[in-house]
1. Restricting attention to strands (runs of 3 or more DSSP E) lying wholly within the stretch 1-58, give those where 1 or more residues are farther than 14 Å from Glu112 by Cα.
2. Checking the condition modelled with pLDDT of 95 or more and surrounded by 16 or more Cβ atoms within 10 Å (Cβ to Cβ), which residue from Leu37, Leu31 passes?
3. For Ser113, all conditions in the list (1) at pLDDT below 95; (2) open to solvent by 40 Å² or more (accessible area, probe 1.4 Å) hold save one; what is the number of the exception?
4. Before we move on, is Ala20 of a type in the set (A, V, I, L, M, F, W, C) and closer than 30 Å to Asn150 by Cα?
5. For the stretch 74-97, indicate whether the set of residues that are away from ligand 2 (no atom under 16 Å from the Cβ), in a helix (DSSP H, G or I), open to solvent by 90 Å² or more (accessible area, probe 1.4 Å) and modelled with pLDDT under 90 is non-empty.
Amino acid sequence: MLIHVRELEVRAARFDVEIAPGIIDFLDSELRQTGPLKARGRAELVTGALGEIRVSGHLAVDMEAACDRCLEAARYPIDTDFTLYYRPVSEGYGDEKEIDAGEAEMGFYEGESLELNDVLREQVLLALPMQRVCREDCKGICPQCGRNRNQNECHCQVASVDDRWAALKELK
Ligand SMILES: [Zn+2]
Ligand SMILES: [Zn+2]
């Protein structure tokens with residue numbers, strides 16, 4: 001769905017969409033959408049800011065990605081309210097460096113319209129945890145034998161940092 005700036009000048013645009021997996025490209029081959037993405041909300045122009053669009057609403061979707069530690073598929077259900085801001089690239093705003101930390105959720109759009117699917121992708125990426133792990137205490141893969149340590153406890157001896165320091169001291 002395209003959000004047309006000209007139409008927002010007349011009134012806010014409402015959306016209520018259900019998007020099947022495969023339609024939004026998350027630009028990350030590790031990341032999969034495993035169910036319909038449901039989003040509803042509104043897009044409106046921010047008063048007094050030239051062409052700035054605020055998109056707010058609610059988004060729910062189940063995502064799946066490989067765990068950073070054990071590489072098993074891990075599920076990330078997202079169910080969140082959101083507000084994102086978009087500025088036109090052309091109105092002298094362009095330079096991303098001018099944006100301070102408080103405006104981190106600021107994006108840009110080119111031309112006369114904003115693609116809702118791009119907004120939803122952005123929000124899904126923001127809602128995912130920085131570190132994608134299947135669970136807090138995931139033990140990961142053993143660097144020695146390559147076993148998933150959540151499934152099999154191996155008995156490899158991994159030299160700790162302290163041991164290596166001790167070995168260095170003995171060399172002196
Ligand atoms: Zn894991
Ligand atoms: Zn091992």
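The values are calculated or read from the model by the stated rules, or taken from the named source; none is laboratory data. As the structure is a prediction and not an experimental result, all values here were calculated from the model. Methodologically, a virtual Cβ is constructed for each residue, glycine included, from the backbone with ideal geometry; neighbour enumeration extends over all protein chains shown. For accessibility, only protein heavy atoms count, side chains too; no ligands or nucleic acids. Shrake-Rupley method; radii C 1.70, N 1.55, O 1.52, S 1.80 Å.
1. Numbers: elements: 2-4, 13-19, 31-33, 37-45.
Strands (runs of 3 or more DSSP E) meeting the threshold: 13-19, 31-33, 37-45.
2. Values: Leu31 fails: modelled with pLDDT of 95 or more.
Within the list Leu37, Leu31, the selection yields Leu37.
3. So Ser113 meets the others, but not (2).
4. Considered against the rule, which asks whether it is of a type in the set (A, V, I, L, M, F, W, C) and closer than 30 Å to Asn150 by Cα, Ala20 comes out as no.
5. To start, the set of residues in the stretch 74-97 that are away from ligand 2 (no atom under 16 Å from the Cβ) comprises 74-97.
Among the residues that remain, those that are also in a helix (DSSP H, G or I) are: 96-97.
Next cut, open to solvent by 90 Å² or more (accessible area, probe 1.4 Å) only: 96-97.
If we keep only those that are modelled with pLDDT under 90 too, we end up with 96-97.
So far as the stretch 74-97 goes, yes, one or more of its residues are away from ligand 2 (no atom under 16 Å from the Cβ), in a helix (DSSP H, G or I), open to solvent by 90 Å² or more (accessible area, probe 1.4 Å) and modelled with pLDDT under 90.
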